[in-house]
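Notes follow the structure.
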Amino acid sequence: MSQQQCACPKCDCSVDSQAIEKNGQRYCCEACAIGHTDGSTDCGHNCQCGK
């Protein structure tokens with residue numbers, strides 16, 4: 001399976017077979033999958049995509 005980028009608009013992380021899938025999109029973590037509505041500012045991968 002080829003790697004793809006996380007569907008979170010500001011996230012630079014790649015996703016693989018362990019990705020979280022939501023609404024046909026693939027995300028690197030749950031925080032990105034819910035659009036950081038939990039108040040998180042990052043995805044846990046040294047990326048500030050929730051700011």
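The values are calculated or read from the model by the stated rules, or taken from the named source; none is laboratory data. What you see is a predicted model, and the numbers here were worked out from it, not measured in a lab. Cβ placement follows ideal geometry from the backbone for every residue including glycine, while neighbour counts extend to all protein chains displayed.
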Handout entry: S17 being modelled with pLDDT under 95 and of a type outside the set (A, V, I, L, M)
Key = yes
Exercise for the section: Could you please let me know if C43 is surrounded by 12 or more Cβ atoms within 10 Å (Cβ to Cβ), under 9 Å from the mean Cα position of the chain (by Cα), assigned to a loop (DSSP other than H, G, I, E, B) and touching a residue at least 12 places away in the same chain (Cβ under 8 Å)? Expected result: yes
Handout entry: Some residue of the range 33-40 being part of a loop (DSSP other than H, G, I, E, B), of a type in the set (D, E, K, R) and either in contact with a helix residue (DSSP H, G or I) (Cβ under 9 Å, 6 or more places away or on another chain) or at pLDDT 95 or above (or both)
Key = yes
Exercise for the section: Identify the residue in the range 6-32 that is assigned to a strand (DSSP E or B) and of a type in the set (K, R) and, among all such residues, is surrounded by the fewest Cβ atoms within 10 Å (Cβ to Cβ). Expected result: K22
